[in-house]
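One structure is given here, and the rest of the page talks about it.
The values are calculated or read from the model by the stated rules, or taken from the named source; none is laboratory data. Here the structure is a predicted model, which is why all the values come from computation and not from measurement. Cβ atoms come from the backbone with ideal geometry, glycine included; neighbour counts cover every protein chain shown. Just so you know, the surface numbers come from the protein's heavy atoms only, side chains and all, with ligands and any DNA or RNA stripped out. Shrake-Rupley method; radii C 1.70, N 1.55, O 1.52, S 1.80 Å.
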Amino acid sequence: MIHSNPPLMQQYGALVRNSSEAKHEPLVDACDLPLIDLSDLESYDERERLACTAAICKAASEWGFFQVVNHGIRHELLRKMREEQVKLFEVPFEKKITCGLLNDPYRWGTPTATRSNHFSWSEAFHIPLSMISEAASWGEFSSLREAINEFAEAMLEVSRMLASILAQNLGYPKDAIEELCDAGTCFLRLNHYPCCPKSKEEIFGLVPHTDSDFLTILYQDQVGGLQLMKDSKWVAVKPNPDALIVNIGDLFQAWSNDEYKSVEHKVVANDKMERYSIAYFLCPSYSTVISGCKGHSVYRKFTFGEYRHQIQEDVKKIGHKIGLQRFLL
């Protein structure tokens, strides 16, 4: 038995003994995501500004994913956030599951998995940003709290700016996203993918899924491993040290009547290097009603809370998320 922090092999091994699945499909290709320079939005040339917004909307429609550079988040802040993240995950497993940080947001492996191909070789802290102001909840991790406070504010600004551009393209007013999504309704997920002794054809770092929010912004290291579905094939995303990755979530797909695409993606395991990433999820309140923006709606109206509850029920019953298909008219 391989001992690790956390003990992922024990959980995975039990699933393998109780099931037999085919290996994952091998990697087909690598891709360069659309790369968008956000400094063009501040250009004195109106044509450059319009070209930038058009590129954002086109990428959201055709890819569901894109990269942004010159996003305004300081390199020093990103470096500080990564340092604090690494320190947190280096804490012994026994302490991570008992430290009580922020009402126990620590998750590892996939406790709900009933088959080995539903298992994720990773650990994470899923942090509701409504709680970061509660200093007493952080205990000895006060420096992490300081970094997250600044990082979350910067990510909110970038995510709302991008979402506002996408919303206006659909005919929504400029402040529509600000009215739906504020700092208290969003989440931050600190991810760690330990080295995995199994091959990437046998096990996922993070199982295939779509995101349940409006918009996700990802800050990742240079190890690689993120893959997305493009033209019915899995393609690997080449890391860019200067870029943040942006992807459309399920709520934006529903809100846009499928104009924008929430694309399935995954992380492959790595047997040589550990990987870190931080995902910022732009979310509305659980009571927010989601309905299509124009014409005949593709989906019935639903609240974010209803959507999240349905996902949780599906995962408990069948081991994976079904998502928007449940809400088709």
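What the table shows:
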| item | result |
| --- | --- |
| Among residues of the range 281-323, those that are closer than 23 Å to residue 179 by Cα and among the hydrophobic types (A, V, I, L, M, F, W, C), counted | 8 |
| Selection count, the range 104-129, where residues are farther than 21 Å from residue 156 by Cβ and assigned to a helix (DSSP H, G or I) | 3 |
| Among (1) open to solvent by 10 Å² or more (accessible area, probe 1.4 Å); (2) touching a Gly at 6+ places or on another chain (Cβ under 9 Å); (3) of a type outside the set (S, T, N, Q), the one test that residue 158 misses | (1) |
| Pairs with Cβ under 8 Å, 6+ apart, first in the range 296-318 and at pLDDT below 90, second in a helix (DSSP H, G or I) and not hydroxyl-bearing (Ser, Thr, Tyr) | 314/326 |
| Close pairs (7 angstrom Cβ cut-off, 6 or more residues apart or separate chains): farther than 22 Å from residue 131 by Cβ in the range 74-103, assigned to a loop (DSSP other than H, G, I, E, B) anywhere | 92/5; 93/5; 93/6; 93/7 |
| Filtered residue count, the range 273-313, keeping only those that are closer than 30 Å to residue 85 by Cβ and not in a helix (DSSP H, G or I) | 15 |
| Subset of the range 269-302 [exposed (fewer than 13 other Cβ atoms within 10 Å of the Cβ) and either over 23 Å from residue 258 (Cβ atoms) or of a type outside the set (D, E, K, R) (or both)] | 271, 272, 287, 289, 291, 295, 296 |
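Let's see how each residue does on (1) in a strand (DSSP E or B); (2) under 24 Å from residue 122 (Cβ atoms); (3) in contact with a helix residue (DSSP H, G or I) (Cβ under 6 Å, 6 or more places away or on another chain); (4) at pLDDT 95 or above:
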| residue | (1), (2), (3), (4) |
| --- | --- |
| 9 | no, yes, no, no |
| 21 | no, yes, yes, no |
| 41 | no, no, yes, yes |
| 51 | no, no, no, yes |
| 55 | no, no, no, yes |
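Conditions (1) modelled with pLDDT of 85 or more; (2) in contact with a helix residue (DSSP H, G or I) (Cβ under 7 Å, 6 or more places away or on another chain); (3) surrounded by fewer than 18 Cβ atoms within 10 Å (Cβ to Cβ), marked per residue:
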| position | (1), (2), (3) |
| --- | --- |
| 92 | yes, no, yes |
| 100 | no, no, yes |
| 143 | yes, yes, yes |
| 150 | yes, yes, yes |
